[in-house]
Amino acid sequence: MRRRVRNILAAAVMIELLSGATRGRSALYIFGFIVYAGASCRWKINMRMAATALTVAGMILSAAATGFSESERMVRIGLGKDLPSVTLSASDWRLYDSINQDPVLSGRGEITFQAVTATEASAGAKAEGGITTGGAIIKSISAAGICSRSGPFRLLPGGPNQVMIYAGKRYRGLAELLLDGKGRLTLINVLPLEQYLYGVINCEMPAGWSSEALKAQAVVARTYALKNLGKHQAEGFNLCNDVHCQVYGGLDREHPNGIRAVRETAGEILTWSGQPIDSVFHASCGGYTEDVANVWAGEVPYLKAVSCSTDDPASLHFPLNSLYREFALIGPWLSDRPQALCRRSRAYRWHHMLTMPQAERLLKDKVPLLSGRNGSGKLIDIRVTGRSSAGRVTAVEVVCSNGTYMIERDRIRSFLGGLKSTLFVIRTSYDKEGRARAFGFEGGGWGHGVGLCQAGADGLARAGWNYDAILKHYYQGVSLVKPDAGGEECSVSPRF
Ligand SMILES: [Zn+2]
Ligand SMILES: [Zn+2]
């Protein structure tokens, strides 16, 4: 234990030296390592706990050691987890562990990390002259040598490009390797938030779209990131790199237009009551967005249904207020292709057909009435039984020979085989005996319909709106907080 505390204090001093930080910040680093020590004593050596605690100081260490400005907000993006091994490469690199002040290895080209057991590492360490501290071990192998350490490791790319390559993709920033509770590796890309956004924006919106739409998307992506910093806290990083959080493709997905949009909105986020908003968005709404309460649950004051149409006389007058009228009118409105702002979207209007045998196959395992233990019922019909004032289907009834089954809100899309949206009508074909033969889904838009309509944002930008106005249209009542603008304060912490 004494040795551990000694190591911890040595590491704190090392960080101090590397970062050249102020006294106040030094206290923060040491505090982080005391948390680490506490975690280690109380719960024995648990690398996952240790990794999380280390992030208190790690982000600042990363900033110092890579030359990022200390004032830059850093984010930790999970590129992979539950991995038995990870191979990274860079034109040249330095490898740090969490204890030693100097790099434990430096080299060029590829380096492979493996999760190994303490016994394996101990045997290897003797042969290789390495140091092991027990518990879980990461072993790194490169042309420059082999080393086994208790991790985490940080790989800092050097050279003129300062990029690392993982699985054929290039990334800015540095790589961090953690061991999870199961002895597998987690790979994290640590980099400034703004540079992370360079690799996000064109994964979420085409680079050729209007500059004001791209700027709106940049603010949305930044707000989303800050709102969700704790989403993967238990795994030791802030956000993952796929649709669960935001798609992040690294350097290879960057485009000058996207980078310009991020830079021209640097630091700007959307807030409500001083907090970053839940900036959900979708590809296209089909003409009218939706209240979050009709899609998931709960009331959110800025996630209300809004029009995504120009003043088209052929449009329906939303919000719809009569159940009977909306059933009669929503079909023609979908067929007429009104001049909504998102009309250029590929999925502005769509069709999907399910024959009766296809529908039976699709629903057999989902509807207990069709696969019940007490004899199976037969599918008779699929009907819309609820629709919101924004025109979206909120309830569908599956009529079976032995009863009915109800499905509601956004689950309807996946339940019916992956419909693009819940903005649809069902046109059912019947045979001469009046039995349903096929279900034609005629719909509009792509996605849940809540928050910003991306294609609509591009439509508004083409109509001359700026990104501020676009955002405040889709998220009603929010504030756009600009750095140094003297606006409302926003209490966002990048740290766990
Ligand atoms: Zn995620
Ligand atoms: Zn729209």
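The values are calculated or read from the model by the stated rules, or taken from the named source; none is laboratory data. Nothing here was measured: the structure is a model prediction, and the numbers come from that model. Please note: Cβ atoms are built from the backbone with ideal geometry, for glycine as well, and neighbour counts cover all protein chains shown.
Only residues that are within 16 Å of ligand 2 (Cβ to nearest atom), of a type in the set (A, V, I, L, M, F, W, C) and farther than 17 Å from residue 425 by Cα were counted in segment 331-379, giving 3. Across segment 232-245, the qualifying residues are those that are more than 11 Å from residue 78 (Cα to Cα) and under 12 Å from the mean Cα position of the chain (by Cα), and the one among them that is nearest to ligand 1 (Cβ to nearest atom) is 244. With the condition kept exactly as written, say whether any residue in segment 194-204 is under 23 Å from residue 274 (Cβ atoms) and either touching a residue at least 60 places away in the same chain (Cβ under 8 Å) or in contact with a Cys (Cβ under 6 Å, 6 or more places away or on another chain) (or both). Scanning segment 194-204 turns up at least one residue that is under 23 Å from residue 274 (Cβ atoms) and either touching a residue at least 60 places away in the same chain (Cβ under 8 Å) or in contact with a Cys (Cβ under 6 Å, 6 or more places away or on another chain) (or both). Pairs linking a residue in segment 241-263 that is of a type in the set (Asp, Glu) to a residue that is crowded, with 22+ Cβ neighbours inside 10 Å, with Cβ atoms under 6 Å and 6 or more positions apart or on different chains, are 254/198; 254/199. Would you confirm whether any residue within segment 403-414 is in the same structural domain as residue 350 (by TED's automatic domain parsing), on the phi < 0 side of the Ramachandran plot and in contact with a Leu (Cβ under 6 Å, 6 or more places away or on another chain)? Yes, segment 403-414 contains at least one residue that is in the same structural domain as residue 350 (by TED's automatic domain parsing), on the phi < 0 side of the Ramachandran plot and in contact with a Leu (Cβ under 6 Å, 6 or more places away or on another chain).
When segment 355-368 is filtered for residues that are surrounded by 20 or more Cβ atoms within 10 Å (Cβ to Cβ) and in contact with a helix residue (DSSP H, G or I) (Cβ under 8 Å, 6 or more places away or on another chain), only 363 remains.
Cβ separations smaller than 7 Å between residues 6+ apart or across chains give the following pairs from segment 436-465 residues that are farther than 20 Å from residue 391 by Cβ and assigned by TED's automatic domain parsing to the domain that holds residue 339 to residues that are part of a strand (DSSP E or B) and not β-branched (Val, Ile, Thr): 436/381; 436/430; 437/429; 437/430; 438/353; 438/354; 438/429. Note on segment 450-477: among residues that are assigned to a helix (DSSP H, G or I) and surrounded by fewer than 24 Cβ atoms within 10 Å (Cβ to Cβ), the one that is farthest from ligand 2 (Cβ to nearest atom) is 468. Contact annotation: residue pairs with Cβ atoms under 7 Å, 6 or more positions apart or on different chains, pairing a residue in segment 347-368 that is over 13 Å from residue 381 (Cα atoms) with a partner that is of a type in the set (Asp, Glu), are 351/442.
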